[in-house]
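This report concerns only the one structure given below.
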Amino acid sequence: MMAPIMMAPMMKYLAIGLLWVVCPWVAPAAAESYRFGAVWDGDKVWKDACITVQGEHIERVGACPAGALNLSRYTAIPGMIDVHTHMTYVFENKVSRPGRGAAVVFLAQDNARKTLETGVTTVRDLGAQNYADIAMRDLIGLGQMKGPRMFVAGYGLSAPRPGRPTSPNSAKGVDEVAKVVRQQVDAGADWIKMYGSTGSGQDVSGTQTYTFDEMKAAVDAAHAAGKRIAIHSYGPDGARDAIRAGADSLEHATDMDDETIAEMVRRKIFYVPTIDHNRYYADNYVKLNYPPAAVEGLNGFVQRNLETARKAFRAGARFAMGSDAVYTMFGENTRELGWFVKAGMTPEQALRAATAGGAELLGMETRLGAIRTGYLADIAAVEGDPLANIEVAIGKVRWVMKAGEVVVDKTR
Ligand SMILES: [Zn+2]
């Protein structure tokens, strides 16, 4: 059976197509041109150029026709891609909750809006409860909720731990792992997420929780279903096995040895270090009810994470930008770019991770991550030169377009 998630947009296009056949007087929307002081198209810079948008897509980049809208104070960059969010983790009555009940989808609208304001137009959401992420993706896709385009994982697979209640994401042993992967796919997940080690929130331990065989079973089941898989590991052991098992992206990992990094490079596996999220936890430990003692551990993890990212970048690893945003971190999604520059990237290389890198990881490299003819019209206008100073991309987003629609406008 076809997943209902695919049906909805297809029906929409079918309906539009039929309408076009029976009502030839329905004219397509006129193309609009936007004039920028500069356009970084994901690859090179165009000075004083226009982006012409037709419907949801970019028609062309180049000389300005008469009547172009004037945004010449700004530099255009491709809409950015945050490949690690938890959009449905909301901060409710001062209590952080990973998604309680159906109300979460409503409360999460705030996270979606704040994400758009950072110039992020696409996210990969890596773990939710009750398929709230799928509901959110579909509402955004239908235009009923304002937010970035979402690729979602449903429940992230987690090894059952003694003393903790089992939940729909619990899976142990290769057969059960494969079964729970298929359950996420059947529920409509675009991606698979597996927690291959401990570590989250104030807990920065990185004890491996899935064996190589279980990771391999998850990877194989995901790939057999035509899906990609992200494996979380805070520590080096889970990372080593995640890489060997052939994960499509490795999340967080610190202290990876040279051999693991070399294998990651050889297999072209994306590294999503999510350095900034532990900075967020340390900065907000009071609000999050963490004991003061947790801060030291979090800061230590940040430093090891940065050092590992530096090593991996030097070794030629491919990076995508993931914030691991939860609760009140939305709006800070792109601060990870600052860490990428600290890890040795130029601002342009950091921006590539947040555009072409994310697009390739998602398998959307012919539609997202560049301002190019035929691509979806996802554009962020920033004030200043983001290639000279990455802080411009992080904190000076003034206008955002997603699929041809202006979703943020702070130009006035
Ligand atoms: Zn996460």
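The values are calculated or read from the model by the stated rules, or taken from the named source; none is laboratory data. Treat the numbers as computed from the prediction; the structure is a model and nothing was measured. Reconstructed Cβ throughout: ideal geometry from the backbone, glycine too, with neighbour counts over all protein chains shown. These accessible areas exclude ligands, DNA and RNA; they are computed on the full protein's heavy atoms, side chains included. Shrake-Rupley method; radii C 1.70, N 1.55, O 1.52, S 1.80 Å.
I'm checking my understanding of the structure. Among residues of region 116-135 that are within 16 Å of the ligand (Cβ to nearest atom) and not in a strand (DSSP E or B), which one is most open to solvent (accessible area, probe 1.4 Å)? Please lay out each step first, then the result.
Narrowing region 116-135 to residues within 16 Å of the ligand (Cβ to nearest atom): 120, 123-129, 132-133.
Then drop every residue that is not not in a strand (DSSP E or B), which leaves 126-129, 132-133.
Working: LEU126: 0, GLY127: 2, ALA128: 2, GLN129: 56, ALA132: 8, ASP133: 0 Å².
Result: GLN129.
Looking at (1) part of a helix (DSSP H, G or I); (2) more than 15 Å from the ligand (Cβ to nearest atom), which is the only condition MET256 fails?
(1)
Kindly indicate the residue of region 288-335 that is outside any helix (DSSP H, G or I), within 16 Å of the ligand (Cβ to nearest atom) and surrounded by fewer than 24 Cβ atoms within 10 Å (Cβ to Cβ) and also nearest to the chain's Cα centre (by Cα) among those meeting that condition.
Within region 288-335, the first condition is being outside any helix (DSSP H, G or I), and the residues that meet it are 288-292, 315-332.
With within 16 Å of the ligand (Cβ to nearest atom) added as a condition, the list becomes 288, 320-330, 332.
Applying the additional criterion that residues be surrounded by fewer than 24 Cβ atoms within 10 Å (Cβ to Cβ) yields 288, 327-328, 332.
Details: LEU288: 23, TYR327: 16, THR328: 16, GLU332: 13 Å.
So the residue we want is GLU332.
Tally time: how many residues in region 259-274 are touching a residue at least 24 places away in the same chain (Cβ under 8 Å), over 11 Å from HIS84 (Cβ atoms) and either away from the ligand (no atom under 15 Å from the Cβ) or part of a loop (DSSP other than H, G, I, E, B) (or both)? Break it down into steps so the answer makes sense when it comes.
Taking region 259-274 as the starting set, the residues that turn out to be touching a residue at least 24 places away in the same chain (Cβ under 8 Å) are 260-262, 264-265, 267-274.
With the extra rule that they be over 11 Å from HIS84 (Cβ atoms), the set shrinks to 260-262, 264-265, 267-269, 271.
This time we only want the ones that are either away from the ligand (no atom under 15 Å from the Cβ) or part of a loop (DSSP other than H, G, I, E, B) (or both), so: 260-262, 264-265, 267-269.
Of the residues in that region, 8 qualify.
Could you check THR211 against (1) open to solvent by 10 Å² or more (accessible area, probe 1.4 Å); (2) over 25 Å from GLU259 (Cα atoms) and say which number it fails?
(2)
Taking region 228-249, which residues are under 17 Å from VAL152 (Cβ atoms) and open to solvent by 50 Å² or more (accessible area, probe 1.4 Å)?
Residues of region 228-249 that are under 17 Å from VAL152 (Cβ atoms), as a first pass: 228-232, 248-249.
Correct list: ARG228 only.
Can you tell me which residue in region 37-64 is nearest to LEU376 (Cα to Cα), limited to those that are open to solvent by 50 Å² or more (accessible area, probe 1.4 Å) and not in a strand (DSSP E or B)? Don't jump to the end; show me each part of the working.
Filtering region 37-64 down to residues open to solvent by 50 Å² or more (accessible area, probe 1.4 Å) leaves 43-48, 54, 56-57, 59-60, 63.
Narrowing the set further to residues that are not in a strand (DSSP E or B) leaves 43-44, 56, 63.
Details: ASP43: 16, LYS44: 18, GLU56: 6, ALA63: 20 Å.
Among them, the one singled out is GLU56.
When you check THR366 against the structure, is it open to solvent by 30 Å² or more (accessible area, probe 1.4 Å), over 16 Å from the mean Cα position of the chain (by Cα) and under 14 Å from ASP41 (Cβ atoms), yes or no? Reasoning before the result, please.
Numbers: open to solvent by 30 Å² or more (accessible area, probe 1.4 Å): yes; over 16 Å from the mean Cα position of the chain (by Cα): yes; under 14 Å from ASP41 (Cβ atoms): no.
It is false that THR366 is open to solvent by 30 Å² or more (accessible area, probe 1.4 Å), over 16 Å from the mean Cα position of the chain (by Cα) and under 14 Å from ASP41 (Cβ atoms).
Could you grab me the full set of residues in region 142-187 that are open to solvent by 70 Å² or more (accessible area, probe 1.4 Å) and in a loop (DSSP other than H, G, I, E, B)? Reasoning before the result, please.
Within region 142-187, the subset open to solvent by 70 Å² or more (accessible area, probe 1.4 Å) is 142, 144, 146, 161-166, 168, 172, 175-176, 179, 182-183, 186.
Selection gives LEU142, GLN144, LYS146, ARG161, PRO162, GLY163, ARG164, PRO165, THR166, PRO168, LYS172.
May I ask you to verify whether ALA189 is modelled with pLDDT of 95 or more and more than 16 Å from the ligand (Cβ to nearest atom)? So that I can check it myself, show each step before the final result.
Working: modelled with pLDDT of 95 or more: yes; more than 16 Å from the ligand (Cβ to nearest atom): no.
Considered against the rule, which asks whether it is modelled with pLDDT of 95 or more and more than 16 Å from the ligand (Cβ to nearest atom), ALA189 comes out as no.
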